[in-house]
Amino acid sequence: MLGLYGKDRRLNTRESTSRILRVLAQQHSSKKCPACDEYVLAVRPYRSRGKNLLLTVCTLGIWLLVWGYETVRYSGWRCNDCGHQL
Ligand SMILES: [Zn+2]
């Protein structure tokens, strides 16, 4: 139904939805990747400080563990092609 096209085939609805959600949850930029040795699409997870602060207050501070883990685990820009940290 939603059918987007991948590199070589048509994607089904679930694949299309997950790809749309992934794109909405990321920030994009153009940066030089030392591994690919060219300018590539760089991505990083989108984080809302307001949402994280609200969740921290609502969970009485427990969300700080998740927030801290996310910050360390998914820090900074990454090359969209090879995954190298930029
Ligand atoms: Zn790269």
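The values are calculated or read from the model by the stated rules, or taken from the named source; none is laboratory data. None of the values given here were measured: they were computed from a predicted structure. Using ideal geometry, Cβ is built from the backbone for each residue, glycine included, and neighbour counts are taken over all protein chains shown.
Brief remarks on what is shown
- Of all the residues in the range 57-86, those that are in a loop (DSSP other than H, G, I, E, B) and either in contact (Cβ under 8 Å) with a residue 24 or more places away in the chain or within 24 Å of A35 (Cα to Cα) (or both) number 10.
- Exactly one residue out of L60, L11 is surrounded by 10 or more Cβ atoms within 10 Å (Cβ to Cβ) and either of a type in the set (A, V, I, L, M) or modelled with pLDDT under 80 (or both): that is L11.
- Of everything in the range 21-57 that is within 15 Å of the chain's Cα centre (by Cα) and of a type in the set (S, T, N, Q), the residue that is modelled with the lowest pLDDT is S48.
- Pairs with Cβ under 9 Å, 6+ apart, first in the range 26-39 and surrounded by 11 or more Cβ atoms within 10 Å (Cβ to Cβ), second acidic (D, E) and part of a strand (DSSP E or B): K32/E38
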